[in-house]
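Structure first, then comments.
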Amino acid sequence: VVKNRIHALMAKNGVKHEFSDLFGVEGMNFLREIDLPELQRIAVDVLLRQLESIDKEIEHVQKQIAVIAREDEDIKILMTIPGIDYYSAMIIKNEIGEIERFLDYKKLCSFAGLVPRVHQSGNTRWEGHITKEGDALLRWILIQVVHQVVRYPGELRKFYYELKKKKSTKIAVVATARKLLRVIYCMLARKENYRYERKALTESKLKRLEKTTC
């Protein structure tokens, strides 16, 4: 909202720029120094202070999350999956809670709303789209991870592309998210890293995590 208001003030005063990111370092310097009518200048300065305050608060929250993530072994295990950083791992762990509360992976998939809706008529039984009745945030983050993890070699990539040949991309993504959650269940229950872990990538993520806590 703050950024939109700044953009609106720039447009109102006919200010043009060539920054790819108006709110990067150079763009912010430009906004602080640009010559504007007095009232417009005051308005922009107020908005810039609000933006800086928001950025500092976000940085503070990210640091708090990183500190918690650094001490959680389950989060480190989840981070061995390509496409899962400490933030998405934190969301997954927070939504799942203790893995022991699920008797098996099927219960976890049902909790996430990633199981197909079952229809039955007489002796005929068929499965439809997923129920979407479970944890929406967990389901959302898993789908985001799928788009990343299928870029790397492994069973999830193979499963996704084989299914995509037969079904739509949307169906393939959701089915892969369900399979990913099954993998996550096994990893957390057994305290094991991802079978197709890319160690260099994991080390890079852990270094970023450590840096964020400083």
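Summary of computed values
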item	result
In region 179-214, the residues that are in contact with a Leu (Cβ under 9 Å, 6 or more places away or on another chain) and assigned to a helix (DSSP H, G or I)	LYS179, LEU180, LEU181, ARG182, VAL183, ILE184, TYR185, MET187, LEU188
Qualifying position, being among the acidic types (Asp, Glu), assigned to a helix (DSSP H, G or I) and at pLDDT below 95, among GLU100, GLU59	GLU59
Selected residue [farther than 17 Å from GLU192 by Cα and surrounded by 15 or more Cβ atoms within 10 Å (Cβ to Cβ)] from ILE91, ILE99	ILE91
The lone exception for ASP21 - which of (1) in contact with a helix residue (DSSP H, G or I) (Cβ under 7 Å, 6 or more places away or on another chain); (2) surrounded by 13 or more Cβ atoms within 10 Å (Cβ to Cβ) it fails	(2)
Lone unmet requirement of (1) at pLDDT below 95; (2) assigned by TED's automatic domain parsing to the domain that holds ARG208 for LEU36	(2)
Any chance SER88 is of a type in the set (Ser, Thr, Tyr) and over 25 Å from CYS186 (Cα atoms)	no
Flag for VAL2 being over 30 Å from THR212 (Cβ atoms), surrounded by 13 or more Cβ atoms within 10 Å (Cβ to Cβ) and not acidic (Asp, Glu)	no
Every pair of residues 6+ apart whose Cβ atoms lie under 8 Å, when the first sits in region 37-48 and is over 12 Å from ALA8 (Cα atoms) while the second is part of a helix (DSSP H, G or I)	ASP45/ARG32; LEU48/ILE6; LEU48/MET28; LEU48/LEU31; LEU48/ARG32
Single condition THR80 does not satisfy, out of (1) touching a residue at least 24 places away in the same chain (Cβ under 8 Å); (2) among the hydroxyl-bearing types (Ser, Thr, Tyr); (3) assigned to a helix (DSSP H, G or I)	(3)
Count of residues meeting criterion [more than 21 Å from the chain's Cα centre (by Cα) and either among the polar types (S, T, N, Q) or surrounded by 11 or more Cβ atoms within 10 Å (Cβ to Cβ) (or both)] in region 37-66	14
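This table checks each residue for (1) in contact with a Cys (Cβ under 8 Å, 6 or more places away or on another chain); (2) farther than 19 Å from TYR86 by Cβ.
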| site | (1), (2) |
| --- | --- |
| LEU163 | no, yes |
| ARG178 | yes, yes |
| ALA189 | no, yes |
| ARG208 | no, no |
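The values are calculated or read from the model by the stated rules, or taken from the named source; none is laboratory data. Small disclaimer: the values here were computed from a predicted structure and weren't measured. All Cβ positions, even for glycine, are placed from backbone atoms using ideal geometry, and neighbour counts span all protein chains on display.
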